[in-house]
1. When A:Ile622 is evaluated against the numbered criteria (1) over 17 Å from B:Thr15 (Cβ atoms); (2) within 33 Å of the chain's Cα centre (by Cα); (3) in the same structural domain as A:Gly510 (by TED's automatic domain parsing), which criterion, by number, is the only one it fails?
2. Just the residues that are surrounded by fewer than 23 Cβ atoms within 10 Å (Cβ to Cβ), part of a helix (DSSP H, G or I) and either of a type in the set (S, T, N, Q) or more than 28 Å from the chain's Cα centre (by Cα) (or both), please, taken from segment B:353-396.
3. Quick one: A:Gly720 ticks every box in (1) more than 23 Å from B:Asp501 (Cα to Cα); (2) surrounded by fewer than 24 Cβ atoms within 10 Å (Cβ to Cβ); (3) more than 10 Å from chain B (Cβ to nearest Cβ); (4) small (Gly, Ala, Ser) except a single one, so which number is it?
4. Look through A:Ala678, A:Ala708, A:Ala745 and report the one residue that is facing another protein chain (nearest Cβ under 9 Å), within 21 Å of A:Thr506 (Cα to Cα) and either part of a helix (DSSP H, G or I) or touching a residue at least 12 places away in the same chain (Cβ under 8 Å) (or both).
5. Take B:Leu184 and decide whether it is within 37 Å of the chain's Cα centre (by Cα) and either modelled with pLDDT of 85 or more or assigned to a helix (DSSP H, G or I) (or both).
6. Can you name the strands (runs of 3 or more DSSP E) wholly within segment B:5-108 that have at least 1 residues being under 28 Å from B:Tyr120 (Cβ atoms), at the interface with chain A (Cβ under 10 Å from one of its Cβ atoms) and free of Cβ contacts under 8 Å to residues at least 60 places away in the same chain?
7. Among B:Thr49, B:Thr39, which is under 27 Å from the mean Cα position of the chain (by Cα) and among the β-branched types (Val, Ile, Thr)?
Amino acid sequence: MEKIESNISKVGGYTGKRMAKDRLFKHFMTFGGLSVIIAISLIFFYLASVVAPIFMPVKMEDLNSLPLTKSARQDTVYLGTEEQAEIGVSMSKRGVVAFFDMRDGKPIAEEKIALPEGVEPVSFAAGDLSQKTVGYGLSDGRMLLLEQKFDVSFARDPNNPDKDIRTIKPGINYPLGTAPLLVDPEGHALKRLSIQHTDDETTAAALTDDGRLLLVSYASTSNMLTGEVSTKREGVELPPVPNGDIRQLLLDVKQRDLYVLHGERFVTHYDVMNKSSPRLVQTVELVPGGETVTAATILSGGFSLIVGTNNGNLAQWFQVRDENNNNHLTHIRSFKPMQGSITTIAPEYFRKGFLAGDNKGDIGLYYATSKRLLLDRATGKGPITVAAISPRGNAILLEGNDGSVMTAKVENDYPEVSFYSLWQKVWYESYQEPEYNWQSSAATSDFEPKFSLAPLTFGTLKAAFYAMLVAIPLAVLGAIFAAYFMSPKMRGVVKPSIEIMEALPTVILGFLAGLWLAPYIDNNLAGTLLAIFLLPFSFVITAYVWHKLPVRLTQGVGAGWEAALLIPVILLVMGVALQLGHPIEAALFDGDMPHYLSNKWGWSYEQRNSLVVGVAMGFAVIPTIFSIAEDAVFSVPKHLTSGSLALGATNWQTLWNVVLLTASPGIFSAVMIGMGRAVGETMIVLMATGNTAVMDLSIFTGFRTLSANVGVEMGEAAVGTTHYRLLFFSALVLFAFTFMVNTLAELVRQRLREKYSHI
Amino acid sequence: MKNWIKSGEPWIWTTAGAVALSLVMVYAVVWLTAAQGLTHFWPKPVVETVFTGNDGQAVRLLGEVPDKEEVSLLRLREAGYKIDTQDKFTYRYLFKLGNRDITGTDFKWFPAPMLDKFTYPQDVLAIERREWGNFYGHLKQVKEDGKVVAEGAQAWPELLKRMERSNALFREILYIEKVEIGKLNYALEKLRLQERKLELQNRLTDAARADIQKQREPLEANFLKLQEKIERLRHDIGRDSLSAEIMDGRIIDVPLAKVADAIMPNAMSVWEKIGHYVRKFWEFTTDDPREANTEGGIFPAIFGTVMMVLLMSVMVTPLGIMAAVYMREYAKQGPMIRMIRISVNNLAGVPSIVYGVFGLGFFVYFLGGNIDHLFFPEALPAPTFGSPGILWASLTLALLTLPVVIVATEEGLSRVPRTIREGSLALGATKAETLWRTVLPIASPAMMTGLILAVARAAGEVAPLMLVGVVKLAPSLPLDGNFPFLHLERKFMHLGFHIYDVGFQSPNVEAARPLVYATALLLVIIIVVLNLFAIRLRNRLRERMRGLEGV
């Protein structure tokens, strides 16, 4: 549009005021309009800003060496922190427990464990981190169990009334009393030890210095009336390992499995569920000959074993159940190797991550599920002897060979996300094989979240595919008829009807699809399929009959009303097909087609399936495609068609060779926009499918789409978690996809419009 | 034949078939919703029959028959029914047996071959109870304080009389509970927040505390008084009861306090049925829901929808018009504005759930969370604006419908003939005056059309609302008699979400189904009417513009 400007010359007084008002109005409108546009574009940037952190690399501060007191840094066997990562704890081989400030290493408290006269600690074992229990194996065949405790108290800050000051008082506690517990009745020193402790049961596995492998459990029962705790001891000797010296014992947190590392590269798995009759299950070669296992640990949750070797290789193993319900310890995945020989591996408290250190002083922070090396760093302090991760995974503690303790804060909130974990088959703990799976939450805290977007993306595309299968033929063909053949009077009825169709809320379509159509198709499957099959033929047959009818009958009803004539035909065909459905099912499918399909042909059949969604979502998409395609066909310049007709082409030839050829970009863009709508539709898929994230193409099964997944899970996702951000990621993907598809379609249409104006 | 195929006739008919099929689908959906939704309120006859089970034991059935379908015998046999026939198909009837507190089953399918003839006894009473759904039985007696006051033929008129009394008492109790006690609670909560605020600001002196306590005392006294009154009314309403014989022959006492409505459907005349229909329809649109939304009315959902749409309109209209005026009248027309125009256009095609996610993250958690910290610290950790609510819902939908309004307004502006602008400018008006006095008024029907379409879209949208403020059961309306009257932070109910929730999340889907159809019908009517209105308006506008161009 050409600019029209007011050309009043500047005059004072009244007119000046008007001019000022005019300028004010202009600025106001410009400001308002621009802000609205900016506000809209904010959507994209906001979504992106929420998603971005999950793709950021893990950040770690520089390592901070702590000047610890001598006793605190003598022969350290254990390092740890409390929840807030403010106070660190170190335990020495001799039984000195020292607490220190994580920031500057200032000693806070030091305590020697309660040892009986003349007895020395000879071995050490840490239980599962979440239980905070450790054990010392003693020289007289007994063990001492202790627990770190951190008493947190709050006091009002005198300087700032809005804030409370938190004080943490560390100490140790003996959950089963200060008297050591008997492990070896023969009184030999416990060379190696592994313990797990919960309120009801404590289990220890120990190797004595004369080579016997013992399993002891203490069951604690508290008297309901007196509250007194009584413990019952049970102890057996385990069958010996087949070869080599025992190097490490690992009990899982559920106190069901014991892994014994022996020789250079073997692990033997004992089933110790039944404490009185443990069973040797199998011995597995962890690495090929020539390589030596140098460190191993159990990940949180007690399923997975992480094994490190002298070549720096790291691998994850866990038990996999086969068809006969037997468990086999199986190699699951290998991680990016480290430079030197692995010296220590520390698991995270609640997630499936671990920290490995090697003899060159390098460390690597890994995450098992996503197979990621999150971070590697060279400390330059010689072999790493002890490593630990804080409970919240936001700090690490290391000890180098020279006895220096180092700490660093780590920002590692989204280790679960990697290309591998989002898009490829992942072998999750306790699964029989790698698979695509989306399962974002569960009741237990040691749950391994499964964040595969593959089944959701697949479901989205499957939904769109079946919807388009229904919508494209109906909408495009219908648009051609409406634009080219239909009588104007009928258009007056059809166009508003299509607009009503577009306006029908999807929640109503979903509701009808889920509660009416799905059970109806379930009960009349053969009839429905027959109706779908018969309809196209009925159109052609009707056309032929109409053509053969005497002219005097057809004359009155002019061309352009074919669609109206076909309505009773459609109703008739549908009625007949549905009537025939049950006899057909009786004759061919034993009277119940869905049942027959799943039992005889092995096609799984769900009541709320892709067929239902295809019809319902096709319904929702038809008007979108119809309106745009109709517009494209209708606005083909009249002189083109007139020219073609004048040259003797039939109506159909003109349509096919002239009109459709010209309008095809418009029809293409209509289909694209319809596709965009089908991809993002939420309520219909939510209501008309079972929403299970399965991946198969069958028309008789359901799926779960990205949009439905967001709708279901968004409300319960905790703000800022990986789950929350992945749902935002889903939304961003939907946004970007539909926006690009629509923009492309719009550009195609605009070019087409320009073309029309030239010819 | 060959010539005929060559002529393209069959293909033309196929395209016609596509249109016809689309039309059939649209009207089938509308008809299905209407047919199911409209019949919900019509009193249905209560059937009595005898079901003979596999073991030959006969059970009397008494209930409504809402559905019947042809079913394969294979399925029935798999379900454990022993039916001796060669047929592959038979019929089965869905019985609504009611009395689910007594017998445990409400809805059950029965195969036709195992049922006796249907009879329709005149004295069957169908009671709509306030809890536990419907009750069906033969009316026997009406009692007062356990003593029989009417029996046999006199029972029914006596029951009607006493029901009037019990319903009046019930309404009184409801009023006290909802309105009067609600008001007191609101006032008490405000006092608590006031106290907490003072405490946070370190200004909670003993004087202030005493002052608050002084305000609190009369409220608490009043509260006790009201509770006493309710106790008394509860006692009064518990006076009468009726006893009826249910299908297994037991005589059951039903206190009138639990009876919302009772009819003898088999004995009703057509006029009585019409009266009942109208009354039920009225109750449906004006009552609160009962029994986890599966019974009663949907008034809060209607109210919430209207309220949300109104708030949204207030926000979207000025913003949309401003953006359109800027883009069409003030911005430099070039590739940049063309790109913006395409983007705005395309936003209409962005999935609505994306707006919901944005609304939840940005409005609720970010804006709302900050507002709470700044203005409502006394209520923390309970969120005020930091949790989904009607304000955020309408803001989200305003964003969602913004493109609709912008596009419609732009179209309207572009249709205003050049001659009119030129005329106005030539007469010495400034651009602002031209816009304000001539162009915008002429384009106003277009804006109206945009707004109506936006409203229609917003009324039917559910996916984003699930995230930003809709709940299945809101304890109070966003508008009430307590200052400041409009409570923007409250959660609300919505017709579309009601359909989703009751149809798919409710424990008794079968019982709720007719109600969901009725709700769906209401929603369809609202949206179709709005759309037809918008279409009419747009057509009228185009006509008018065409007329103006000739000027």
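1. Result: A:Ile622 passes all but (1).
2. B:Phe366, B:Leu367, B:Gly369, B:Asn370, B:Ile371, B:Asp372, B:His373, B:Leu374, B:Phe375, B:Pro377, B:Glu378, B:Ala379
3. The one condition A:Gly720 does not meet is (3).
4. A:Ala708
5. Yes: the conditions hold for B:Leu184.
6. Where strands (runs of 3 or more DSSP E) fall fully within segment B:5-108 and carry at least 1 residues being under 28 Å from B:Tyr120 (Cβ atoms), at the interface with chain A (Cβ under 10 Å from one of its Cβ atoms) and free of Cβ contacts under 8 Å to residues at least 60 places away in the same chain, they are B:58-72, B:89-96.
7. Exactly one residue qualifies, and that residue is B:Thr39.
Yes/no per residue for (1) outside the structural domain of A:Gly301 (by TED's automatic domain parsing); (2) outside any helix (DSSP H, G or I); (3) over 29 Å from the mean Cα position of the chain (by Cα):
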residue: A:Tyr420; (1), (2), (3): no, no, no
residue: A:Gln432; (1), (2), (3): no, yes, no
residue: A:Ala475; (1), (2), (3): yes, no, yes
residue: A:Val493; (1), (2), (3): yes, no, yes
residue: A:Glu499; (1), (2), (3): yes, no, yes
residue: A:Glu502; (1), (2), (3): yes, no, yes
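The values are calculated or read from the model by the stated rules, or taken from the named source; none is laboratory data. Please read these numbers as outputs of a predicted model, since none were measured by experiment. Here Cβ is always computed from backbone atoms with ideal geometry, including for glycine, and neighbour counts include all displayed protein chains.
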